[in-house]
Amino acid sequence: MPEHEADGQLATPTHEVRDFLHRRREQIAQRWADEPLFRTVFTVSRDEAVEAGKAVVDALAQVADSDRVEDPDAAGFSGVREQLARMGAARSRAGLSNTQVSSELAALRPPVENMLAADLEQTPPEHLRACSTTLTVLMGTLRLVAMQTALSEWQALSDRQRMQLLEVATPVIRLWDGIVAVPLIGTLDSARSQVVMETLLNAVVDQHARFAILDITGVPTVDSLVAQHLMKTVAAARLMGAECIVSGIRPAIAQTMVHLGLDLDVLTRASLSDALGYALHQLGADIVNPGAGQR
């Protein structure tokens, strides 16, 4: 049966829901522990799933107590955001789409609504409807909080994976003692240009390189911002004590650099092999073609 305020009147819907959540905390957590969202995430033991369910119920009760059932930023949700994110991320790794995860979150509502209806069956119908509406809104806000938190986690994971792919797509090759090269293929943007700079400079330090070749034969075009990044990479390599050679500049890229009025004090060669030959010559290790001069 519902609790009453001190003056004998029925509690407000939000406080009624709060009291209901406190009263049925154990039963709700037990029911949720059997739902896919909890059962398939907390696999060590069922008790673990029950405890997680209790934490969510406590958060809902705190939000109801603050009369902010429609506010996803309510303080009560702060304690379970990390847990909700972990649950959403786990289901995503299991292959579920955002829609499927949202459906699993929605499945938490019916058991709670049924318990509330059973608890308040002796109260006036309009009070039951008001409390049911409040609970529905509260559970909807929980679902929104969970999806927002999960999407943030998924975005962070996506950003990390993107950076890892950029690093993999920017290999540094040790061509000779003191000579390293970064062959670039595909489109360059600001983010990848920054990775190129960091990767090349780290290689210069690690390999004690005197020459760093930046080969852009496989880059079809660059915008003005990327061209400036390339020039900064060359300048940074010089500060590290290495001569940077840019090879494979296409006509369109050359025109872009000229139109931008960039500092063209850059050592360039037509191809990667030409750049390597130049670097080897500077190191006193010329390559001799045994067939040269023979007929």
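The values are calculated or read from the model by the stated rules, or taken from the named source; none is laboratory data. Quick caveat: nothing in here was measured; it's all calculated off a predicted structure. Cβ sites come from the backbone with ideal geometry, for glycine too, and all protein chains shown count toward neighbours. Note: accessible area is taken over every heavy atom of the protein model, side chains too, but ligands, DNA and RNA are not part of it. Shrake-Rupley method; radii C 1.70, N 1.55, O 1.52, S 1.80 Å.
The sole residue among D65, D71, D34, D58 that is of a type in the set (D, E) and either open to solvent by less than 10 Å² (accessible area, probe 1.4 Å) or farther than 29 Å from S92 by Cβ (or both) is D65. Among the residues of the stretch 236-265, those identified as touching a Leu at 6+ places or on another chain (Cβ under 9 Å), closer than 18 Å to R174 by Cα and assigned to a loop (DSSP other than H, G, I, E, B) are M240, A242.
Applying the condition of being under 13 Å from the mean Cα position of the chain (by Cα) and of a type in the set (S, T, Y) to the stretch 136-156 and asking which residue is surrounded by the fewest Cβ atoms within 10 Å (Cβ to Cβ) yields S152.
Pairs needed: first member in the stretch 175-188, in contact (Cβ under 8 Å) with a residue 24 or more places away in the chain; second member anywhere, small (G, A, S) and surrounded by fewer than 18 Cβ atoms within 10 Å (Cβ to Cβ); C-beta distance under 8 Å; at least 6 residues apart or different chains. Matching pairs, first to second residue: W176/A285; P183/G218; L184/G218; I185/A169; I185/G218; G186/A169; G186/G218. Output the residue which, of all residues in the stretch 272-295 that are of a type in the set (G, A, S) and within 20 Å of S247 (Cβ to Cβ), is modelled with the lowest pLDDT. This residue is A285. Checking each residue in the stretch 106-122 for being open to solvent by less than 20 Å² (accessible area, probe 1.4 Å) and under 22 Å from D67 (Cα atoms) picks out L108, V112, L116, D119, L120.
Whether a residue is at pLDDT 80 or above and in a helix (DSSP H, G or I) was assessed, and M231 passes this test.
So, A254, is that one open to solvent by less than 60 Å² (accessible area, probe 1.4 Å) and without any contact (Cβ under 8 Å) to a residue 24 or more places away in the chain or not? Yes; evaluated as a whole, the condition is true for this residue. Of the set (1) at pLDDT 90 or above; (2) touching a helix residue (DSSP H, G or I) at 6+ places or on another chain (Cβ under 9 Å), all apply to V219 but (1).
Where helices (runs of 4 or more DSSP H) fall entirely within the stretch 20-130, those with at least 3 residues that are acidic (D, E) are at 46-65. Against the condition among the β-branched types (V, I, T) and touching a residue at least 60 places away in the same chain (Cβ under 8 Å), how does V63 come out, does it pass? When the stated conditions are applied, V63 passes them. The set of residues in the stretch 204-221 that are open to solvent by 10 Å² or more (accessible area, probe 1.4 Å) and either under 24 Å from Y278 (Cβ atoms) or among the aliphatic types (A, V, I, L, M) (or both) comprises V205, D206, Q207, H208, R210, F211, D215, T217, G218. Are any of the residues in the stretch 225-245 farther than 25 Å from Q282 by Cβ, of a type in the set (A, V, I, L, M, F, W, C), open to solvent by less than 20 Å² (accessible area, probe 1.4 Å) and touching a Ser or Thr at 6+ places or on another chain (Cβ under 9 Å)? Yes, because at least one residue in the stretch 225-245 is farther than 25 Å from Q282 by Cβ, of a type in the set (A, V, I, L, M, F, W, C), open to solvent by less than 20 Å² (accessible area, probe 1.4 Å) and touching a Ser or Thr at 6+ places or on another chain (Cβ under 9 Å).
If the condition is being under 13 Å from D215 (Cα atoms), out of contact with any Gly (no Cβ under 9 Å at 6 or more places or on another chain) and of a type outside the set (A, V, I, L, M), then the stretch 225-267 contributes T233, C244, S247, R250.
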